[in-house]
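K.L.:
Below is the structure I would like to discuss, written out as structure tokens.
The values are calculated or read from the model by the stated rules, or taken from the named source; none is laboratory data. In this text, all values refer to a predicted model and were calculated from it rather than measured experimentally. Virtual Cβ from ideal backbone geometry, glycine too; neighbours counted across all protein chains shown.
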Amino acid sequence: MSDFTFWVIFSNLLLALRWTIALSLVAFVCGGAVGLLMLFARVSKIGWLEALTRGYIEFFQGTPLLMQLFLLFFGLALFGLEVSPWLAATLALTLWTSAFISEIWRGCVESISRGQWEASSSLAMTYIEQMRYVILPQALRIAVAPTVGFSVQVVKGTALASVIGFVELTKAGTMLNNATFRPFLVYSLVALMYFALCFPLSFFAKKLEGRLNAAR
Amino acid sequence: MTYKLQFGELLPYMGVLFEGLLFTVVLTLISTVAGVGLGIGGAAARTFGPPWAGRVFVIYVELIRNTPFIVQLFFIYFGLPALGLKLSESQAAFLAMTINLGAYSTEIIRAGVEAVPKGHIEAGVSLAMTKWEVFAHIILKQALQKIWPALSSQIIIVMLGSSVVSQISAEDLTYAANFVQSRNFRAFEAYFAVALAYLGLAIVMRAMLRGIGRLMFPGH
Amino acid sequence: MPLVDIRDVRKSYGAVEVLKGVSLDIAQGDVAAIIGRSGSGKSTLLRCINGLETYQSGSICVDGVEVAGEKTNLRELRRNVGMVFQQFNLFPHLTAAQNVTLAPKVVNKTGETQAMDLAKEMLAKVGLSDKAGNYPSQLSGGQQQRVAIARALAMRPKVLLCDEITSALDPELVNEVLRVVERLAKEGITLILVTHEMRFARDVGTKLVFMHAGKAHEEGPPKALFDAPRTPELRQFIGAPA
Ligand SMILES: Nc1ncnc2c1ncn2[C@@H]1O[C@H](COP(=O)(O)OP(=O)(O)O)[C@@H](O)[C@H]1O
Ligand SMILES: [Mg+2]
């Protein structure tokens, strides 16, 4: 193998990695924001709103992310909406992330004991106040580890954007493979770069989880 | 602007879609059995095996859990032939799915194994059982029972992830949807219908896994 | 020859010596009650007898077989040494009967019908014939501990080790377990029990062992020792007047 090919592949993959990171960040932040809204709706005790969010979550957790991408990318175009791969990928990953992350956070909120709700409502707090001052601060502590853990899923999820032609790490790998015919090298490097991105997050999540368990 | 939904356009393709569904179901079924089997072996190796075997499984689990499934699939389908291992689309799909689920179930089952109280292991040992007998008869079932919900979720996640095998032209449900929309230009209808099929599959599988759990672990 | 012959056993966890040269004979049919303060090494000694723990020096022979011997088949040894734990350690995924028959089936390759007879016999011995199909979670603590005794007996051990088997029980459940042990003692099964039930040790035991600071500090016939402890440590432990 010539060093030249290796460096061409490696440097191009690194450049594409930036897009994987960008897409991950945007999806994670937007997904988190939407997820927070979903969380409030899901535990709102307003019947129709809860049912609606439940349906939303069920759909995005129960169907393949790839299908969601296709629906947004090919499907919306039919309705006259011009959707770029970047926009479709961001949208799909945001919706998908919000569904999972709101469920993760709901688990954290629900692990706060009933007594906390009762104590705060006996202090005449409204629902929003209870959430803001009593429940969320406690839930937040528990939520950090699984949230960091889920960020790994988001990073991996961005790889599917390659399928609709968004040039991130995986798509760049496919293109470089087509140009160089070195699939073993290309996909090894692609995998290693994802690993370099995800493993620290996984590791950090595990550490946080351990610390929290030890603190209890 | 005024695109009219016409799900009727899918009717001529029901056969194709059904074949795709069948492939996805069989793919999921076989790789679930193989993957969970691999996971049991991995959990046993990590808790009771020699240190080198434990290390091998740690590396395997971390590599798989920290890379996207689609890259694993491409690596197996496009990359392995460079090492002389040429697989068909379906073979690559089955292998990738099994390896993927195997890693997750190793980790999940290991957590279950470690949650079994040490006293149960000692009780088994003091009844003259070997550590492998203790694992097979005392630990494994308890561990599986504890982590059954987590394992069930993971199996469903892997089933949904299987839609990616369409990208190496394995003829699964997603592949069928791609085929249909390329013929009738009804992308939204095709993908929406197939998305609902996946959702139905996920719901049925969840119910079945819960049922299996109840059959396997009575008394609790 | 004693059934269990313990000679100058020393055992350390890291730098901490827990057993500092324990010597003890237990004959066939003995009911040896081991008493002593928490942390004096009682559990450690028991666990050494069936090889759950290793020891650094000395020897323990059960029926003439050295526990730590290089050629010793631990599996063979443990068939002869049963153990009942403070925390029951019943297998929660198995019924009472299945708990009893698991080891006979797996280790002794006992057939299904024979195993069922065995479960009946052993559960009858502990007075739980009607609970064969119950899971541990459906039994009281006392019942669980009796199943654990039946489970150990099903291997027909030559000696049964009991480590504070009533300590995790509510007070009203202690007696039903002690009565079972007393019946076993009358049947002539060799027992080594760590216990805090002094009355029981006195009435049922044939031999009393007082563990103190990692040694068998004092031993002898229970009644004699309780009535006239020879060392100030035992005197203080049982609260007898000096
Ligand atoms: N696994 C272990 N590692 C380190 N120290 C231990 C361990 N098990 C017991 N010990 C120590 O050994 C001593 C004796 O313990 P043990 O035999 O359980 O006493 P007893 O049963 O008489 O209360 C105690 O000081 C205890 O802290
Ligand atoms: Mg003890």
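K.L.:
Which residue, of C:Val81, C:Val4, C:Val9, is crowded, with 23+ Cβ neighbours inside 10 Å, more than 16 Å from ligand 1 (Cβ to nearest atom) and closer than 16 Å to C:Ala216 by Cβ?
P.N.:
C:Val4 is the lone residue from the list that is crowded, with 23+ Cβ neighbours inside 10 Å, more than 16 Å from ligand 1 (Cβ to nearest atom) and closer than 16 Å to C:Ala216 by Cβ.
K.L.:
Then there's this: Inspect all residues belonging to the range C:33-54 and state whether any of them is surrounded by fewer than 20 Cβ atoms within 10 Å (Cβ to Cβ) and either farther than 30 Å from C:His212 by Cβ or more than 16 Å from ligand 1 (Cβ to nearest atom) (or both).
P.N.:
no
K.L.:
Could you say which residue among B:Met129, B:Met97 is away from chain A (no Cβ under 12 Å) and part of a loop (DSSP other than H, G, I, E, B)?
P.N.:
Answer to the check: B:Met129.
K.L.:
Here are C:Tyr55, C:Tyr13: which of them is more than 26 Å from C:Pro104 (Cβ to Cβ), of a type outside the set (Lys, Arg) and more than 16 Å from ligand 2 (Cβ to nearest atom)? Walk me through how you get there before you give the answer.
P.N.:
Working: C:Tyr13 fails: more than 16 Å from ligand 2 (Cβ to nearest atom).
Answer to the selection: C:Tyr55.
K.L.:
I would also like to ask the following. Sort out for me the helices (runs of 4 or more DSSP H) sitting completely within the range C:56-148 that have 2 or more residues that are within 11 Å of another protein chain (Cβ to nearest Cβ) and in contact with a helix residue (DSSP H, G or I) (Cβ under 8 Å, 6 or more places away or on another chain).
P.N.:
Filter on the range C:56-148 gives C:96-106.
K.L.:
Next question, about the same structure. For the range B:57-76, does any single residue satisfy the condition of being part of a helix (DSSP H, G or I) and more than 14 Å from chain A (Cβ to nearest Cβ)? Walk me through it before giving the result.
P.N.:
Step one: of the range B:57-76, the residues part of a helix (DSSP H, G or I) are B:57-65, B:69-76.
Those left that are additionally more than 14 Å from chain A (Cβ to nearest Cβ): B:57.
Yes, the range B:57-76 contains at least one residue that is part of a helix (DSSP H, G or I) and more than 14 Å from chain A (Cβ to nearest Cβ).
K.L.:
Another one. If I ask for residues that are in contact with a helix residue (DSSP H, G or I) (Cβ under 8 Å, 6 or more places away or on another chain), more than 9 Å from chain A (Cβ to nearest Cβ), on the phi < 0 side of the Ramachandran plot and not in a helix (DSSP H, G or I), which ones from the range B:179-220 would you list?
P.N.:
The answer is B:Phe217, B:His220.
K.L.:
Okay, next question. Of the conditions (1) within 15 Å of ligand 2 (Cβ to nearest atom); (2) of a type outside the set (A, V, I, L, M, F, W, C); (3) closer than 30 Å to B:Val113 by Cβ, C:Arg79 clears all except one; give me its number.
P.N.:
(1)
K.L.:
Follow-up. Considering only the range C:184-199, how many residues are over 22 Å from C:Pro157 (Cα atoms) and crowded, with 20+ Cβ neighbours inside 10 Å?
P.N.:
1
K.L.:
When residues of the range C:183-199 are filtered for being in a helix (DSSP H, G or I) and either within 16 Å of ligand 2 (Cβ to nearest atom) or within 22 Å of C:Ser43 (Cβ to Cβ) (or both), how many remain?
P.N.:
So the answer is 4.
K.L.:
Return only the number of the condition from (1) within 12 Å of ligand 1 (Cβ to nearest atom); (2) within 13 Å of the chain's Cα centre (by Cα) that C:Val16 does not satisfy.
P.N.:
Going through (1) within 12 Å of ligand 1 (Cβ to nearest atom); (2) within 13 Å of the chain's Cα centre (by Cα) one by one, C:Val16 breaks only (2).
K.L.:
Starting from the range A:168-187, take each residue that is within 20 Å of B:Val164 (Cβ to Cβ) and facing another protein chain (nearest Cβ under 8 Å) and list its partners that are at pLDDT 95 or above and not in a helix (DSSP H, G or I), counting only C-beta distances under 9 angstrom and pairs at least six apart or across chains.
P.N.:
Every condition considered, the pairs that remain are A:Thr170/B:Pro68.
K.L.:
Check every one of the helices (runs of 4 or more DSSP H) wholly within the range A:71-179 and list those with 1 or more residues that are closer than 29 Å to B:Asn178 by Cβ.
P.N.:
Correct list: A:85-110, A:136-157.
K.L.:
Filter the range C:87-141 down to the residues that are farther than 10 Å from C:Arg151 by Cβ and of a type in the set (Ser, Thr, Tyr) and list them by number.
P.N.:
Across the range C:87-141, the qualifying residues are C:Thr95, C:Thr110, C:Thr113, C:Ser129, C:Tyr135, C:Ser137, C:Ser140.
K.L.:
Just name the residue that is surrounded by the most Cβ atoms within 10 Å (Cβ to Cβ) out of those in the range C:218-235 that are of a type outside the set (Phe, Trp, Tyr) and closer than 21 Å to C:Ser167 by Cβ.
P.N.:
The residue in question is C:Pro222.
K.L.:
Do you know which of the residues in the range C:16-52 that are in a loop (DSSP other than H, G, I, E, B) and farther than 23 Å from C:Met198 by Cα is nearest to ligand 2 (Cβ to nearest atom)? Working first, answer last.
P.N.:
So the first thing to find is which residues in the range C:16-52 are in a loop (DSSP other than H, G, I, E, B), and the list is C:27-30, C:37-41, C:50-52.
Adding the requirement that they be farther than 23 Å from C:Met198 by Cα leaves C:50-52.
Working: C:Asn50: 15, C:Gly51: 17, C:Leu52: 13 Å.
Only one residue fits best here, namely C:Leu52.
K.L.:
Could you count how many residues in the range B:147-178 are more than 9 Å from chain A (Cβ to nearest Cβ), aliphatic (A, V, I, L, M) and either under 19 Å from A:Lys171 (Cβ atoms) or assigned to a loop (DSSP other than H, G, I, E, B) (or both)?
P.N.:
3
K.L.:
May I pose another question? Scan the range C:134-168 residue by residue and report those that are within 16 Å of ligand 2 (Cβ to nearest atom) and either over 21 Å from C:His196 (Cβ atoms) or surrounded by fewer than 22 Cβ atoms within 10 Å (Cβ to Cβ) (or both).
P.N.:
C:Asp163, C:Glu164, C:Ser167, C:Ala168
K.L.:
If I go through the range C:108-138 residue by residue, how many of them are at positive phi and among the hydroxyl-bearing types (Ser, Thr, Tyr)?
P.N.:
Result for the range C:108-138: 0.
K.L.:
In the range C:114-154, how many residues are in contact (Cβ under 8 Å) with a residue 60 or more places away in the chain and β-branched (Val, Ile, Thr)?
P.N.:
Of the range C:114-154, the ones in contact (Cβ under 8 Å) with a residue 60 or more places away in the chain are C:145, C:148-149, C:151-153.
Filter once more, so that each one left must be β-branched (Val, Ile, Thr): C:149.
Residues in the range C:114-154 being in contact (Cβ under 8 Å) with a residue 60 or more places away in the chain and β-branched (Val, Ile, Thr): 1 in total.
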